[in-house]
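Data block below; observations after.
Where a number appears in this text, it was derived from the coordinates with a stated rule and is not lab data. Here the structure is a predicted model, which means the values were calculated and not measured. In this analysis, Cβ positions are derived from the backbone assuming ideal geometry, glycine residues included, and neighbour counts consider all displayed protein chains.
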Amino acid sequence: MSTAAAPRGAAPRGAAALRTDDPAVRPEPTGTVKKLGGLAGWVDDRTGVAKGAGHMLKKVFPDHWSFMLGEIAMYSMIICLLTGVFLTFWFVPSMGEVPYDGSYIPLQGVQMSEAYKTTLDISFDIRGGLLIRQIHHWAALMFVVAVMVHMFRVFFTGAFRKPREINWVIGTVLSLLSIVEGFAGYSLPDDLLSGTGIRAAEGFMQSIPIVGSYVAYFLFGGPFPGEAIIPRFYTAHVLIIPAILIGLFTAHLLLVMVHKHTQYPGPGRTNSNVVGFPLMPVYMAKAGGFFFIVFGAIALVSALFTINPIWAYGPYDPSPVTAGSQPDWYMLFADGGLRLLPGWLEIPIFKWTLSLNVAIGALLLIPVMYTLIGIYPFLEAWVTGDKREHHLLDRPRNAPVRTALGAAFIAEYFVLAMAGVNDILAIKFHLAINSITRALQLLFFVLPVIVFWVTKRLCLSLQRADRNLVLHGRETGNIYRSADGEFTEIHEPLDPYRRWTLVQHEVGTPLALGSTKDANGVESPLSKKARRRARWSQFYFRDSVAPVTPAELAAAHHHGEHDALPSAESATHVGPSEH
Amino acid sequence: MSEHGTTHDEVSRAATGTLPQRFDDPGLPPHVPRQADHDESAAKRAERQVAVMFGLSIVSTVAFLVAYFAVDQRSTVFFPGIGSTNAYHLVLGVTLALSLLMIGLGAVHWAKTLMPDHEVVEERHPLRSSDEDREHAVATILDGGDAAQLPRRNMIKYSLGGALGLFSLPLVLQVAGSLGPTNVSELAETLWDIPTEGKHAGKPIRLMRDPQNTPIKAEEVAIGSVFHVLPESLDWHKEENVEAGRAEWKGVLDEKAKAAVILVRLDPKDFVSTKARDWGYQGIVAYSKICTHVGCPVGLYEQKTHNLLCPCHQSTFDVTRDCEVVFGPAKRALPQLKITVDADGYLVAPEGFKEPVGPSYWER
Ligand code: HEM
Ligand code: FES
């Protein structure tokens, strides 16, 4: 900008003018600076990266096992990308049929699609091909699990709060894409099992109101199965979705850098600092090493346990029966949703058919679920009215309603996933499939409520236990007998470091229920909204347990010298109640 | 439960006088040195351990390279707990795994024992830009717009809006218009429909065993037995392909996906639905095998209950009641195929299905 603004023609003129901005020739660097010679120096001369790199390499990352979940997700994605590229060298995404002439004897001479044949070739005739396939599939499963568990970590610790809402939304999309990517990949080999999955997917599309049959014809390039769907899934699987995944994932990491990592509360850890280890060398070694550990662990599992033995299923054919067909685990919940929906939801409207029994489970469930996940941070912020930046994580017990909501969500997911294996449950437990399905239909509505209530109670008692610990210290196991024959256990007070972790949190207060009438005594719509918000706020903050204050601790010490210990329950009632 | 808010704190503060309302952060706990920090021999031991792990990685890598060429691709071994497995795959996998794991474990061990374990504190700064920066950014954008005369040049503004709004339509149309054909009425046709022209015109279609592809005599179908059936016209379809110079398999799966049929024989007395019995032949009835839920093959027959079960989501169809749904997420009964026998005693279908088979769709 400054050069463009400089008036042209100012002295000095000629070639020398071009050099005036150059830095003076510096003396030969000495000491550590000298080490940045050679290639690195060459690069820095042309890019100036050293300025930022020094800063980057000193960046501090807090250390906690739960922060490795995201890392696992990242590494398994990279392993998928790497092994996936290998697979493309031999896999041919064609539904054109050829006779099998490879070395797997039971299928020799069988007519099959080229996609299926080349997957067999990778498994039996390409040296190490089976290993790559197995690593690809196991890494894919690991990826989806890690993303999900990582998401739970972020949720239960409140790491999604301001300023990290954007990253939560990006993460939600990544999670959705991971299961779509997995489904597309799982479908590619064109074996009997995955083909049945595609068959169902076509049925889902047909259930779209009004345009369903057209959508199915567009995507399949005509009737099912046609010859287009595997090549199209292939484009999605190896190009479109990975490109979006990599883009979003890069943005995700950049935002982590910009925000700096959150940390768990503890002594010396505040909302305005980061305590941890610098990237260079500690984190570099730990995180870099961890990549090899994840890769190695996946390779070991792949060597020992076969996943998706497509040779045992045979090529896809629409007529043979595939008993006990199950999708990869992360699709079970969606399949389960379909199994629970009753048939009467298919509604004839004049001469048309509205298949809600399919559409709700197959077309609405996933978008609704992911939308709810994606907007949660905004809902919570609206309810709490909290606009501050949060860099200290919540201990899950200190946010009982959030934790209970998360647990209820997991319970609901679990019910759906169980419904996805209702036939297997029926066989394993010798129950009628009808009763299992009925029970799960009921649980779908009841279990989340129960789990919500139980989890919230659990959080509250854990908080009370924390209070107790702070007030009365740790039990030492030493019993003391007083002069008048009374037994007391000696309690050792917590040191200030341990205590801080238990008392550092703040307790939110519910928004007050203001008057709902405006100045003229008329019910105003605005205050109605405020009332609704206040009610949610009540729901969110009601019952919260405050941390111990210094005064309470002092009082407890004073008491403890004479009295028996108050119970955990009464500890929360210390001091007069306002009611 | 009481509200533990300010009131509560106030009460306790009043009781005790001057104590603060909250505890103070005691700051970072003192650093506890590790053994290797002050004991050089412990440090040496850690160094050796790390080097051994890296060394094992090298050994495993070499083992992989050797095994890749040396082990027979088809040999099997017994592995405890897993059973008989492909030796080649196992050796490659285990050596690769060790080669990777040992690098990782070595690096982590190194970091834990020898690298500095003093925690470092970095300050955070609010993310928000300063007010001046924000104003500057807004001003730059507005000035840019002004410099381009955007606010004054309405013709440009609206025509550009229109152009940008529309330019993607050709691309969208190209994809949406060309992805697939729109002849969705095909969904209601199957190979059981009697051809109206060509050499097979008007001929009833024989039911063929799948996959043997042989016709079925009525007396071969015992009570309680199940046959998986495809139409004889599938052969005609293949013949046409060959005559037209196409690969024989073209479109065969598409047709199978609609035409697959399941055949069962009941004691005629067992039928509740007379229509079901009348469309059959001496208790032999044929139904579409394509589930009316989302299209899986309904191939599990329970003899005792006369129920057909879909393996995908367990929709259950009662054959005695014209394959009505008795359980599961499907709504509609499986369409029945009318059958009889021809002059040679083989089962044939004199006409096609009366309604579209398979999953529901809007205009079916
Ligand atoms: C990052 C997320 C990815 C996931 C979750 C994923 C998942 C899967 C799954 C589950 C399969 C079925 C494998 C089987 O059991 O046979 C598969 C197959 C395949 N994937 Fe991926 N994949 C990912 C990325 C990629 C990438 C980036 C490529 C290529 C650049 C790729 C190429 C392939 C190919 C060619 C196949 C078919 C070959 C075969 O099945 O053996 N994948 N993928
Ligand atoms: S496809 Fe048959 S029950 Fe779903």
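In whole Å and largest first, what semi-axes does the C-alpha gyration tensor of chain B yield when each eigenvalue is scaled by 5 and square-rooted?
Semi-axes from the Cα gyration tensor: 69, 41, 31 Å.
Over 10 Å intervals from 0, what percent of Cα-Cα pairs in chain A sits in each interval?
Using 10 Å bins, I get a P(r) of 3, 12, 18, 20, 18, 14, 9, 5, 1, 0, 0 for chain A.
A:Thr172: net charge of surrounding residues, Cβ under 13 Å, Lys/Arg +1, Asp/Glu -1, itself excluded?
Once positives and negatives cancel, what remains is 0.
Give me the net charge of A:Tyr234's neighbourhood, meaning all other residues with Cβ under 14 Å from the Cβ of A:Tyr234; Lys, Arg count +1, Asp, Glu -1.
-3
Could you work out the relative contact order of chain A? I mean the mean sequence separation of Cα pairs under 8 Å and 6+ apart, divided by the number of residues, in percent.
Computed over chain A, the figure is 15 percent.
Show me the ranking of peptides A:485-498, A:366-379, A:395-408, A:208-221 by mean Cβ neighbours inside 10 Å, starting with the highest.
Going from most to least packed, we get A:395-408, A:208-221, A:366-379, A:485-498.
Net charge around A:Met284, counting only other residues with Cβ within less than 12 Å of its Cβ (Lys, Arg = +1; Asp, Glu = -1)?
The answer is +3.
Can you tell which of B:Arg48, B:Arg246, B:Arg277 shows the greatest fluctuation in a Gaussian network model of chain B with Cα springs below 10 Å?
Judging by the Gaussian network model, the answer is B:Arg48.
Work from the charge dipole of the protein assembly as shown (Cβ charges, +1 for Lys and Arg, -1 for Asp and Glu, about the Cα centre) and give the residue of A:Asn357, B:His313, A:Pro318 farthest towards its positive end.
Checking the options against the dipole of the protein assembly as shown, the answer is A:Asn357.
Under a Cβ-only charge scheme (Lys and Arg +1, Asp and Glu -1), can you give me the dipole magnitude of chain A about the Cα centre, in debye to the nearest 20?
Charge dipole of chain A: 1720 debye, to the nearest 20.
What FRET efficiency comes out for B:Asp267 versus B:Thr340 if R0 is 22 angstrom and r is the Cβ-Cβ distance? Round to the nearest 0.05.
E between B:Asp267 and B:Thr340, to the nearest 0.05, is 0.70.
In nm, to one decimal, how far is the A:Ile410 label point from the B:Lys157 one, both placed 7 Å along Cα→Cβ?
5.4
Any lysines with Cα under 19 Å of the B:Lys258 Cα? List them, leaving off those in the same chain fewer than 8 positions away.
Cross-link targets: B:Lys238, B:Lys250, B:Lys289, B:Lys331, B:Lys338, B:Lys354.
Straight-line reach from A:Lys286: which lysines have Cα under 17 Å away, leaving out those fewer than 8 places along the same chain?
A:Lys58, A:Lys59, B:Lys112
Please identify the helices of chain A, taking whole runs of DSSP H, that span at least 18 Å along their own axis as judged from the Cα atoms and have a mean Kyte-Doolittle score of -1.0 or higher.
A:68-88, A:129-156, A:165-187, A:192-206, A:241-259, A:284-304, A:365-384, A:400-419, A:433-472
Return the Cα extents of the stretch B:87-173 along principal axes one, two and three, sorted largest first, each rounded to a whole Å.
73, 48, 15
Counting only other chains, and only Cβ atoms inside 10 Å, what mean value do you get across the residues of B:24-37?
Per residue, the average neighbour count from other chains is 3.
Report Rg(Cα)/(2.2 N^0.38 Å) for the stretch A:413-510, keeping two decimals.
Compactness ratio reported: 1.88.
Enumerate the lysines that A:Lys528 could reach by cross-link, defined here as Cα to Cα under 20 Å, with residues fewer than 8 away along the same chain left out.
Candidates past the 8-residue exclusion: A:Lys517.
How big is the gap, in Å, between the Cα center of the stretch B:106-122 and the Cα center of the stretch B:148-198?
59
When the dipole is taken about the Cα centre of the stretch A:41-182, and only Lys, Arg (+1) and Asp, Glu (-1) are charged at their Cβ, what size is it in debye, to the nearest 20?
Here the size comes out at about 800 debye.
Assigning unit charges at the beta carbon (Lys, Arg +1; Asp, Glu -1) and nothing else, what dipole magnitude in debye, to the nearest 20, does the stretch A:67-310 show about its Cα centre?
1240
Going through the DSSP H helices of chain B, which span 30 Å or more along their own axis at the Cα atoms while scoring at least 0.5 as a mean Kyte-Doolittle hydropathy?
Those that clear 30 Å and a mean of 0.5 are B:40-70, B:87-113.
Considering the options A:Gly41, A:Val451, A:Gln263, tell which one lies farthest towards the positive end of the dipole of chain A, charges being +1 on Lys and Arg and -1 on Asp and Glu at the Cβ, about the Cα centre.
Of A:Gly41, A:Val451, A:Gln263, it is A:Gly41.
Using +1 at the Cβ of each Lys and Arg and -1 at the Cβ of each Asp and Glu in the protein assembly as shown, identify which of B:Val348, A:Leu340, A:Ala407 lies farthest towards the dipole's positive end.
A:Ala407
For chain B, modelled as a GNM with alpha-carbon contacts under 10 angstrom, which of B:His38, B:His228, B:His313 fluctuates the most?
Per the Cα network of chain B with a 10 Å cutoff, B:His38 tops the list.
Could you state the number of Å between the C-alpha centres of the stretch A:275-354 and the stretch A:442-503?
40
Can you give me the Kirkwood hydrodynamic radius for the stretch B:185-349, using every pair of distinct Cα atoms, in Å to one decimal?
After inverting the mean inverse Cα-Cα distance, the result is 16.3 Å.
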